[in-house]
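*Asks:* Input: one structure, supplied below.
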Amino acid sequence: MSCQRFAHGGNLQSASEKYGIPVEEFIDFSSNINPFGPPPAVLDEIKQNLAEISHYPDPDCRALRKVLSEYLDLPPEQILVGNGAVEIIYLIVRWKRPERVSVPAPTFVEYEKAARLEGSSVNYIFLQAERNFQLQMEQIEEAVEHSDLLFLCNPNNPVGNTIPRPLMEEIIRFCDQNGVLVVVDESFIDFLPNSTEASCRRLIGRYSNLLLVYSLTKFFALPGLRLGCGLGPEKIMKALAWLKDPWSVNCFAQRAGIAALKSPSFGEKTRELITQERNYLMHNLGKIPGCKPYPAEANFILMDISGMGLSAPEMVDRLGTRGILVRDCSSFVGLNSHYIRVAVKDRQANDRLLHSLEEIGGKRVD
Ligand SMILES: Cc1ncc(COP(=O)(O)O)c(C=O)c1O
């Protein structure tokens with residue numbers, strides 16, 4: 001039922017049907033979820049509160065917002081909780097009703113879809129492979145001239161790179177001076193070793209044109225529960241809340257969020273393991289003849305496989321028959337059928353991917 005043009009990773013069910021391998025036997029590198037699963041306290045919390053389904057959830061998510069407020073170091077009034085970050089993205093566009101939205105290409109597709117559903121036109125800012133898909137200030141100056149909303153994804157999905165902090169602030173300032181709303185999606189920010197410094201949260205009071213999107217589904221491995229939030233000036237959060245389904249954040253998602261944010265060593269442990277495994281994957285992917293991984297700082301890696309003599313759909317097929325699911329990036333505007341994206345997983349899974357790629361494309365040079 002989902003549209004190919006706006007496809008996502010993580011469709012294990014259809015991969016299982018296509019390749020005749022049970023879902024539980026697939027290793028899913030196609031969705032960028034914390035490979036260590038949710039903090040154990042999350043599952044306990046849900047199990048212990050099953051009877052709560054007979055009540056409506058708190059529409060204001062007060063208890064969760066209090067904990068989020070401490071975690072994000074923002075007042076609760078500047079936080080709006082949603083049914084995943086995606087709900088917030090759609091609410092922002094519905095509230096702003098922009099004429100023209102600028103989006104980098106490639107980036108997460110839902111910005112464009114949200115814009116088109118509101119009748120906005122979309123302006124692509126094409127990121128260059130030769131520049132490792134890094135955004136340039138000149139591109140912003142050009143794009144912003146005729147836009148009223150700019151989406152930025154930091155770290156950017158599907159590339160995994162970040163916008164350097166001084167450039168980010170220059171962009172926000174420039175957009176402020178030109179009456180452009182900037183929405184920075186920080187759904188993967190927690191995976192960065194310097195996540196607090198890298199986040200734009202501290203800029204919220206300083207620039208009234210800045211909104212942030214934040215997700216708990218990636219880092220805390222809760223995509224099936226759905227949990228994200230919008231961060232920004234109180235007035236705008238209230239306006240977004242007015243447009244929202246009052247009970248979109250269910251009782252388990254609220255409880256899970258609190259338990260996850262209060263899990264003490266989970267964050268540090270995840271960042272440590274992801275950094276170690278990303279470096280390992282990057283190093284070894286780079287040794288596979290014809291495979292070009294791009295510099296990445298989050299929990300996924302984009303690679304150009306054109307040198308391996310296979311297109312992305314062909315590679316997806318070859319790996320699929322081996323029970324490995326990767327993301328074909330052909331559908332991203334700004335990429336083509338030479339690119340695949342893989343999530344960073346644990347050592348055992350990463351080794352299986354590396355060995356399969358070696359078998360398919362050649363030998364690793366040690
Ligand atoms: C950049 C980005 N933002 C938001 C989302 C969606 O997050 P959520 O599951 O919280 O709706 C995704 C999912 O892939 C994403 O890549």
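*Asks:* Specify the inter-centroid distance of the range 210-248 and the range 296-366, based on alpha-carbon positions, in whole Å.
*Replies:* One Cα centre to the other: 32 Å.
*Asks:* Provide the net charge surrounding Leu12, with neighbours chosen by a C-beta distance below 12 Å and charges set as Lys +1, Arg +1, Asp -1, Glu -1.
*Replies:* Working: positive: Lys18; negative: Glu17, Glu24, Glu25, Asp28.
Counting the neighbours of Leu12, the net charge comes to -3.
*Asks:* Here's another thing I want to ask about it. Counting DSSP beta bridges in the range 40-261, what percent are antiparallel, to the nearest 5?
*Replies:* Details: 8 of 25 bridges.
Given both bridge residues lie in the range 40-261, the antiparallel proportion sits at roughly 30 percent.
*Asks:* Listing Glu112, Glu234 from the residue with the fewest other Cβ atoms within 10 Å to the one with the most, what is the order? Show your work: numbers first, answer last.
*Replies:* Values: Glu112 20, Glu234 13.
Lowest count first: Glu234, Glu112.
*Asks:* Sorted from fewest to most neighbouring beta carbons within 10 Å, what does the list Lys262, Lys113 look like? Before the final figure, lay out each step's value.
*Replies:* On the way: Lys262 15, Lys113 18.
Exposure proxy ranking, most exposed first: Lys262, Lys113.
*Asks:* Please work out the Cα center distance from the range 86-144 to the range 6-67, rounded to the nearest Å.
*Replies:* 28 Å
*Asks:* Choose one answer from Arg62, Arg100, Arg131: the residue with the largest mean-square fluctuation in a GNM of the chain with alpha-carbon springs under 10 Å.
*Replies:* Of Arg62, Arg100, Arg131, the Gaussian network model singles out Arg131 as fluctuating most.
*Asks:* Each residue of the range 248-264 in order: what ³J(HN,Hα) in whole Hz does its phi give by Karplus 6.51 cos²θ - 1.76 cosθ + 1.60, θ = phi - 60°, with x for Gly and Pro?
*Replies:* 5, 9, 6, 4, 6, 4, 5, 5, 4, x, 4, 4, 5, 5, 8, 7, x
*Asks:* Report the charge-dipole magnitude of the range 119-258 in Debye, nearest 20, computed about the Cα centre from +1 at each Lys and Arg Cβ and -1 at each Asp and Glu Cβ. Don't skip to the answer; put the middle values down first.
*Replies:* Details: 12 positive and 15 negative charges, 149 e Å.
Its charge dipole is roughly 720 debye.
*Asks:* Please find, in a Gaussian network model of the chain (springs between Cα atoms separated by less than 10 Å), the residue of Ser102, Ser337, Ser54 whose mean-square fluctuation is greatest.
*Replies:* Greatest mean-square fluctuation among the candidates belongs to Ser54.
*Asks:* Here is a further query. Once every DSSP H run of n ≥ 4 in the chain is given -39500 (n - 2.57) and the sum is divided by its residues, what mean residue ellipticity at 222 nm do you get, rounded to the nearest 500 deg cm²/dmol? Each step should come with its number before you reach the end.
*Replies:* Values: 13 runs with 138 residues, N = 366.
Mean residue ellipticity, 222 nm, calculated: -11500 deg cm²/dmol.
*Asks:* Can I ask one more? Given Lys66/Lys262; Lys218/Lys292; Lys269/Lys345; Lys96/Lys238; Lys96/Lys244; Lys18/Lys345, which pairs have Cα atoms separated by over 18 Å?
*Replies:* Details: Lys66/Lys262 12 Å; Lys218/Lys292 25 Å; Lys269/Lys345 14 Å; Lys96/Lys238 13 Å; Lys96/Lys244 14 Å; Lys18/Lys345 23 Å.
Check vs 18 Å cut-off fails for Lys218/Lys292; Lys18/Lys345.
*Asks:* So, one more: Provide Val67, Val103 in ascending order of the number of other Cβ atoms located within 10 Å of each residue's Cβ, fewest first.
*Replies:* So the residues, fewest neighbours to most, are Val67, Val103.
*Asks:* Still on this structure, please answer the following. Once you list every other residue whose beta carbon is under 10 Å from the beta carbon of Arg97, what net charge do they have if Lys and Arg are +1 and Asp and Glu are -1?
*Replies:* Numbers: positive: Arg94, Lys96; negative: Glu99, Glu118, Asp148.
So the environment of Arg97 carries a net charge of -1.
*Asks:* Determine the equivalent ellipsoid of the range 1-148 by diagonalising the alpha-carbon gyration tensor, then write out the semi-axes as square roots of 5 times the eigenvalues, largest first, rounded to whole Å.
*Replies:* 33, 26, 17
*Asks:* Answer rounded, prolate or oblate for the range 304-366, using the Cα gyration tensor with square roots of eigenvalues a ≥ b ≥ c: rounded when a/c is under 1.5, else prolate when a/b is larger than b/c, else oblate.
*Replies:* Numbers: a/c = 1.77, a/b = 1.40, b/c = 1.26.
It is prolate, given that a/c is not under 1.5 and a/b is the larger ratio.
*Asks:* Report, largest value first, the span of the C-alpha coordinates of the range 82-137 along each principal axis, in whole Å.
*Replies:* Dimensions of the range 82-137 along the principal axes of its Cα atoms: 36, 25, 17 Å.
*Asks:* Using C-alpha positions alone, give me the convex hull volume of the chain per residue in cubic angstrom.
*Replies:* Taking the convex hull of the Cα positions in the chain, it is 136 Å³ per residue.
*Asks:* In addition: Sorted from largest down, what three extents in whole angstroms do the Cα atoms of the range 40-123 have along their principal axes?
*Replies:* 47, 27, 24
*Asks:* Which residue fluctuates most in the GNM of the chain (Cα springs below 10 Å): Thr270, Thr217, Thr196?
*Replies:* Thr196
*Asks:* Additional query: HN-Hα J couplings of the range 234-244 from phi, Karplus 6.51/-1.76/1.60, θ = phi - 60°, integer Hz, Gly and Pro as x?
*Replies:* For the range 234-244, the Karplus-derived couplings read 3, 4, 6, 4, 5, 5, 5, 4, 4, 8, 8 Hz, x marking Gly and Pro.
Any read-out appearing in this document is the output of simple, stated calculations on the displayed coordinates, not a laboratory observation. Nothing here was measured: the structure is a model prediction, and the numbers come from that model. A quick note on method: Cβ atoms are made from the backbone with ideal geometry, for glycine too, and the neighbour counts reach across all protein chains shown.
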